[in-house]
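Here's the structure, in C-alpha cells; my notes come after.
The values are calculated or read from the model by the stated rules, or taken from the named source; none is laboratory data. Owing to the predicted nature of the structure, the values given are computational and were not obtained by experimental measurement. Every residue, glycine among them, receives a Cβ derived from its backbone with ideal geometry; neighbour counts consider all protein chains shown. Only protein heavy atoms, including side chains, enter the accessible area calculation; ligands, DNA and RNA are left aside. Shrake-Rupley method; radii C 1.70, N 1.55, O 1.52, S 1.80 Å.
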Amino acid sequence: MPSIESGGARIDYTVHGDGGRSSSNVILLAGFKAPATSWRYQIPSLTRAGHRVVAVDLPGHGTAPAMPHGTTMQTRADHVHALLDELDLRDAAMIGGSMGGNTIWSYVDMYGTGRLRAAVVVDQTPRMLNTPDWEYGFYGYGRDEVDTFFADGIPSTGHGTPIWKRGMRLVRFIAAMGRVDWKLSQPELALLNDHAKRDWRPAIRSSDLPVLFVAGSESEFWPSAHAEAAAALSPKGASIVVPRAGHATNMERPDPVNTAVAEFLSSAC
C-alpha cells in the first residue's frame, strides 16, 4: 500500500481509477477511527463517473499506524495538505464523513481552497456544542458538558434506530468497516475532545467552495436539520437528508448518497 510521511506520522492511501484529468480527483476522508474501506460503496460509483479516487487512512485509521500523541484537528489538516502536495493533486473534490467532514474545514481554514473545487460533508455538524445560536450540535452537549462529555468516549444519546434493528443497513456497515477497535487511546480521546470544541462555521462562511451537506434522517448524534443549517452558512451550499439512515449514512444507504454526490460533482465541475 502506498504511503507518505507527514510530521513523523505515516499516512496510507489507495488510488482507484485513472480519471485522466487532474480535475477529476476525489479525496475520501473517513470518520473518527473509520478505515478508508468505509467508502467501499462510493468508490465504484465515483470511478465509473471517470474520477480518480484517493481513499485515505490518516494515522489511527485503517492500515495506518496508531495516532500519535498531540494529534489535533490542525494536525489532520497538515496530513491532508502533505498528501495533496506529495501527489500534486489540484482541482480536487474532497469528501469527508463525520470527523472527516470537519477535517475538510480544518484544511480550508489553514490552507485555503486553492487545490479544491468542491466538498461533500456526510453527517457532520460544523459545531458539536449546542448554543443559543446553534441548536444542531451533539445531542445533550451544552456549555455545562464542555469538559466532561467526551472524557471517556462517545456518549450514547438514545437517538436513532437501535443498531440491532437496522437489518441490511447493519450488514453493509459491518462489511465496510471491518474490525475496528473502539477502545480509545489517550491521543484519540484528546483528538475527540478537540474536535468536539471546534466551531467551523466561520470557515464555511468564508469559503468559496461549492459544498453539499448530507445528513442521515436517523443520525444517532445530531438533528438532521444540521445539513440545511450548515448549507445556509455557505455562499455555495446545498443539502440533502437521506431517509432511513443513521450517522454512517454513506454505508447504510449508499444508493441515494451516490446519486446525490454524482449529481453534485457533475454540477460543481
Discussion item. Condition (residue is open to solvent by 40 Å² or more (accessible area, probe 1.4 Å), at positive phi and among the acidic types (Asp, Glu)) applied to the stretch 80-90: is it met by at least one residue?
Written reply: yes
Practice prompt. State all residues of the stretch 138-155 that are under 21 Å from the mean Cα position of the chain (by Cα) and either within 22 Å of Glu252 (Cβ to Cβ) or surrounded by fewer than 15 Cβ atoms within 10 Å (Cβ to Cβ) (or both); if no residue qualifies, say none.
Written response: Phe138, Tyr139, Gly153, Ile154, Pro155
Discussion item. Tell me the residue from Val26, Val53 that is free of Cβ contacts under 8 Å to residues at least 60 places away in the same chain, under 16 Å from Ala92 (Cβ atoms) and out of contact with any Cys (no Cβ under 9 Å at 6 or more places or on another chain), please.
Written reply: Val53
Discussion item. Which residue is modelled with the lowest pLDDT, if the candidates are limited to the stretch 27-49 and must be more than 13 Å from the chain's Cα centre (by Cα) and in a loop (DSSP other than H, G, I, E, B)?
Written reply: Ala49
Worksheet item: Restricting to helices (runs of 4 or more DSSP H) lying wholly in the stretch 156-269: which have 1 or more residues that are open to solvent by less than 60 Å² (accessible area, probe 1.4 Å) and among the β-branched types (Val, Ile, Thr)?
Response: 201-206, 249-252, 254-268
Worksheet item: Taking the stretch 197-216, which residues are over 20 Å from Ala262 (Cα atoms) and not acidic (Asp, Glu)?
Response: Lys197, Arg198, Trp200, Arg201, Pro202, Ala203, Ile204, Arg205, Ser206, Ser207
Discussion item. Looking only at the stretch 46-65, count every residue that is out of contact with any His (no Cβ under 9 Å at 6 or more places or on another chain) and either among the polar types (S, T, N, Q) or under 17 Å from Leu184 (Cβ atoms) (or both) and tell me the total.
Written reply: 6
Practice prompt. Test each condition in (1) within 17 Å of Phe221 (Cα to Cα); (2) of a type in the set (Phe, Trp, Tyr); (3) touching a helix residue (DSSP H, G or I) at 6+ places or on another chain (Cβ under 7 Å) for Tyr139 and report the one that comes out false.
Written response: (3)
Worksheet item: Got at least one residue in the stretch 62-74 being open to solvent by 20 Å² or more (accessible area, probe 1.4 Å), in a loop (DSSP other than H, G, I, E, B) and farther than 30 Å from Lys197 by Cα?
Response: no
Discussion item. Which pairs turn up if I take residues in the stretch 125-139 that are part of a loop (DSSP other than H, G, I, E, B) and look for partners that are among the charged types (D, E, K, R) and at pLDDT below 95 with beta carbon separation below 8 Å, at least 6 apart in sequence or on another chain?
Written reply: Leu129/Arg143
Fill in: Selection count where residues are over 30 Å from Pro210 (Cα atoms) and among the hydroxyl-bearing types (Ser, Thr, Tyr), scope the stretch 120-167
4
Worksheet item: Out of all the residues in the stretch 219-267, which are of a type in the set (Val, Ile, Thr) and either free of Cβ contacts under 8 Å to residues at least 12 places away in the same chain or farther than 21 Å from Thr157 by Cα (or both)?
Response: Ile240, Val257, Thr259, Val261
Discussion item. Restricting to the stretch 89-123, and then to whatever is in a loop (DSSP other than H, G, I, E, B) and free of Cβ contacts under 8 Å to residues at least 60 places away in the same chain, can you tell me which residue is nearest to Glu263 (Cα to Cα)?
Written reply: Arg115
